[in-house]
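Colleague: Below: one structure in structure tokens.
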Amino acid sequence: MDMNEIKEIFFQECEEQLAELESGLLKMNDGDRDPETVNAVFRAVHSIKGGAGAFGLDDLVAFAHVFETTLDCVRSNKLEPGPEVMKVMLKSADVLADLVSASRDGGSVDPSRSSGLVKELEALANGELPSASAPAPAPAPKPAAKAAPAPVAAAPAPTDDSGFQPIPFSFDDMGDEEPAAAASTYDVSFKPRRDLYAKGNEAALLLRDLSRIGEMSIHCDMDSLPSLDDMDAEEAYFAWKIQITTEKGEEGIRSVFEFAEWDCDLEIKLHEEKTESAAGEEPPMVPVPFDLSILDDTSDASEGAHADEHGSDATVAAAVEAAETASNVVKLAAGGAKEKKESPAAAAAAAAAAAQNNAAAGQTIRVDLDRVDRLINLVGELVINQAMLSQSVIENDNNGTSAVNMGLEELQQLTREIQDSVMAIRAQPVKPVFQRMSRIVREVADMVGKSIRLVTEGENTEVDKTVIDKLAEPLTHMIRNAVDHGIESPEKRAAAGKEPEGTIKLTAKHRSGRIVIELVDDGAGINRERVKQKAIDNELIAADANLTDEEIDNLIFAPGFSTADKISDISGRGVGMDVVKRSIQALGGRISITSRPGLGSTFTMSLPLTLAVLDGMVVTVAGQTLVVPLTAIVETLQPEAQNIHSFGANQRLISIRNSFCPLVDVGRILNFRGTQANPIDGVALLVESEGGGQRALMVDAIQGQRQVVIKSLEANYTHVPGIAAATILGDGRVALILDVDAVVAASRGQSLKQEMSLAVAG
């Protein structure tokens, strides 16, 4: 694995850490004061800083270090995370995410933006709380704040000319009025487990970091080291007994082992002086000064033997030799493990350890998305071939009870299970997209001077990754629209008897094989009179048009429509909600609006769980085979003459349970035939339209219900109006998947924009 691959893994982990950071800060902003939440936020920033230091990302390290220092004040109860403090923290998380993105993509972040937040963070660390009305003045810069950031176990940090590590900046180094704590001596017992090394940590580097907080002596315990034949190269056999004198106290010692605490046995006790040694006690600990240059691979060999005032050259040389010997033993064990077979006892012990680790936590792996997509495509081909095989057997086996037929039924069940399992691999929760919306709410609310809180529910609802990737754009436009147009200003809300702080609620849930996402705001609702007048002014509708509330609400999705009085950075160009509608329709979904004046609006998006397969009803229209998505069909019925009613010149209605529903001839809409068919000779499919109303689609016959694999027409041919995609049936024929929303819209008088040729339909 080369350095670029390792760096890519680091940025992938950064995405996870940023998500953890955002989640924790939002909990803290809502009043969560659980220490574990604060620690999780601190660990996220600390991990990003550590990895960035290993790759020399200085800007990222410098900002993360100041951010981490301020979070440490919150963690140690020196800083109360009130609303103004959390506002700075959330902005800092946004800048940290931008710095990560810039480091990955080669961009840059506005220096004034990051430097301004650095001053605010330093002020918070100094105990200077910002006022609600104006930002807190930045304190004078301190020399300690410009020191090199603290390194982590991932890689040695740069050293000065002497070969020693520079002392990192910390809150404890800042000038306090409190007197310095007295130095105390502690006995530390440190024994790594195998997981510590498996996660990329290194015991020697942890000891190096420990040496920075005080004077210490070390004794390496190698009593558990087995013979070479029984040695497992991945096991941890060494332990260390450390005596350290420090002013940082037990908390400072534990902070060194913070990220390895779960992967080692750590015991810290206050040292007790003993007047005389009892029989059978361990031999006294030999003081070995811990020189940082020993572990610095940038130092020369001569510098590695450097001795300070705490010990002689010979003593330090002995320590270096001991470290080299231990390293050689591990290397020899690794080589011996390859050449010799493990003993039965060692193999059994390794198997038991592996089983214990597997039971403790689920194992995960990172897989490139292209590989998953290829697997899904192959499973799709398997579904098609299984359908073809079943079709062939059915045509040649009339009784349907042969062994081959029964075997095919089992194959069909197994194929469905394989397909469901593969689709579950690509399914991901919508949480990352929802968390991204929190930042947009904060940024836009600050720009328009509003106080808005985002509430999310159902973040763990899973959907296909291809759907998630395309959700961000429409959700962004909807959030910006809700903040700018939906929620009133604090003054108007107070005048209307509402809380000054507005609320936007974003929820996700599964319903009938689809994912439903709702965006609810408690704003003023849609001003229908203003919307209608704007539509008339823009010549989108006639001045005497008689529209229902639903039709007026849907006018905001018209291209070029906007109620903004002037163009700003947020709105006014009339492209936002139009993009939302087109994006949702491109995903095979639909969007609807319900609004109550003075109480708010609700935008509901219904999307397929996956863009790879769907359950559909295969129908025949004018000799052509079409597939209608099953999720759009409410029911099927056989029209009777007494239930068919004419309306106007070309419109027909069908009576269903004492209500009338428009009848749509699919063959006529798609230009498969020039005249309307007789409804009595066909079958009606009652479907849900985009706005929530119903239409009855007329088809000639129903062939059956099947699961089909979606093949993109745009990728393989071109966009065809009225058709969403294509598929391959069991008999090898290509069938077109109907775009129900487009057909229903065409029945309302909207054009499909271009004619459908019979050649393409065939």
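Colleague: Can you pull out the helices (runs of 4 or more DSSP H) entirely within the range 685-762 that have at least 2 residues that are touching a His at 6+ places or on another chain (Cβ under 6 Å) and at pLDDT below 85?
Modeller: Filter on the range 685-762 gives an empty set.
Colleague: Among the residues that make up the range 693-711, is at least one of them in contact (Cβ under 8 Å) with a residue 40 or more places away in the chain, among the small types (G, A, S), out of contact with any Ser or Thr (no Cβ under 9 Å at 6 or more places or on another chain) and loosely packed, with under 12 Cβ neighbours inside 10 Å?
Modeller: yes
Colleague: How many residues does the range 663-681 contain that are at pLDDT 85 or above, touching a helix residue (DSSP H, G or I) at 6+ places or on another chain (Cβ under 9 Å) and buried (at least 18 other Cβ atoms within 10 Å of the Cβ)?
Modeller: Final tally of qualifying residues: 7.
Colleague: Same structure again: Kindly check whether there is at least one residue in the range 48-61 that is at pLDDT 85 or above, assigned by TED's automatic domain parsing to the domain that holds A19 and under 19 Å from the mean Cα position of the chain (by Cα).
Modeller: Yes - at least one qualifying residue is present in the range 48-61.
Colleague: Within the range 91-111, does at least one residue satisfy the condition of being in a helix (DSSP H, G or I), basic (K, R) and at pLDDT below 85?
Modeller: No, there is no match, as no residue in the range 91-111 is in a helix (DSSP H, G or I), basic (K, R) and at pLDDT below 85.
Colleague: Any residue at all in the range 464-482 that is part of a strand (DSSP E or B) and at pLDDT below 85?
Modeller: yes
Colleague: Filter the range 221-238 for residues that are closer than 15 Å to C264 by Cα and touching a residue at least 40 places away in the same chain (Cβ under 8 Å) and give the result.
Modeller: Result: E234, E235, A236, F238.
Colleague: While we're on this one: Restricting attention to the range 502-513, report how many residues are at pLDDT 90 or above and either surrounded by fewer than 21 Cβ atoms within 10 Å (Cβ to Cβ) or not assigned by TED's automatic domain parsing to the domain that holds V448 (or both).
Modeller: 3
Colleague: Let me ask something additional. Considering only the range 34-45, state which residues are over 14 Å from V100 (Cβ atoms) and in a helix (DSSP H, G or I).
Modeller: P35, E36, T37, V38, N39, A40, V41, F42, R43
Colleague: I've got another one for you. Do the conditions hold for V61, that is, is it within 19 Å of G116 (Cα to Cα) and of a type in the set (V, I, T)?
Modeller: Against the criterion (within 19 Å of G116 (Cα to Cα) and of a type in the set (V, I, T)), V61 qualifies.
Colleague: Go through the range 28-83 and give me each residue that's surrounded by fewer than 16 Cβ atoms within 10 Å (Cβ to Cβ) and under 16 Å from E251 (Cβ atoms).
Modeller: Matches in the range 28-83: P35, N39, S76, N77, K78.
Colleague: On to the next question. Among the residues of the range 207-230, how many are out of contact with any Asp or Glu (no Cβ under 9 Å at 6 or more places or on another chain) and assigned to a loop (DSSP other than H, G, I, E, B)?
Modeller: Number satisfying all stated conditions: 6.
Colleague: Evaluate the range 514-529: report whether one residue or more is in contact (Cβ under 8 Å) with a residue 12 or more places away in the chain, crowded, with 23+ Cβ neighbours inside 10 Å and under 17 Å from G588 (Cβ atoms).
Modeller: Checked the range 514-529: at least one residue is in contact (Cβ under 8 Å) with a residue 12 or more places away in the chain, crowded, with 23+ Cβ neighbours inside 10 Å and under 17 Å from G588 (Cβ atoms).
Colleague: How about the range 15-32: which of its residues are assigned to a helix (DSSP H, G or I) and farther than 18 Å from M437 by Cα?
Modeller: None; the set is empty.
Colleague: Take the residues of the range 236-276 that are among the aromatic types (F, W, Y) and outside any loop (DSSP other than H, G, I, E, B): which is surrounded by the fewest Cβ atoms within 10 Å (Cβ to Cβ)?
Modeller: Ranking the candidates gives W262 first.
The values are calculated or read from the model by the stated rules, or taken from the named source; none is laboratory data. Predicted model, so just to flag it, every value in this text is computed and none were measured. Ideal geometry is used to build each Cβ from the backbone, glycine not excepted, and the neighbour counts take in all protein chains shown.
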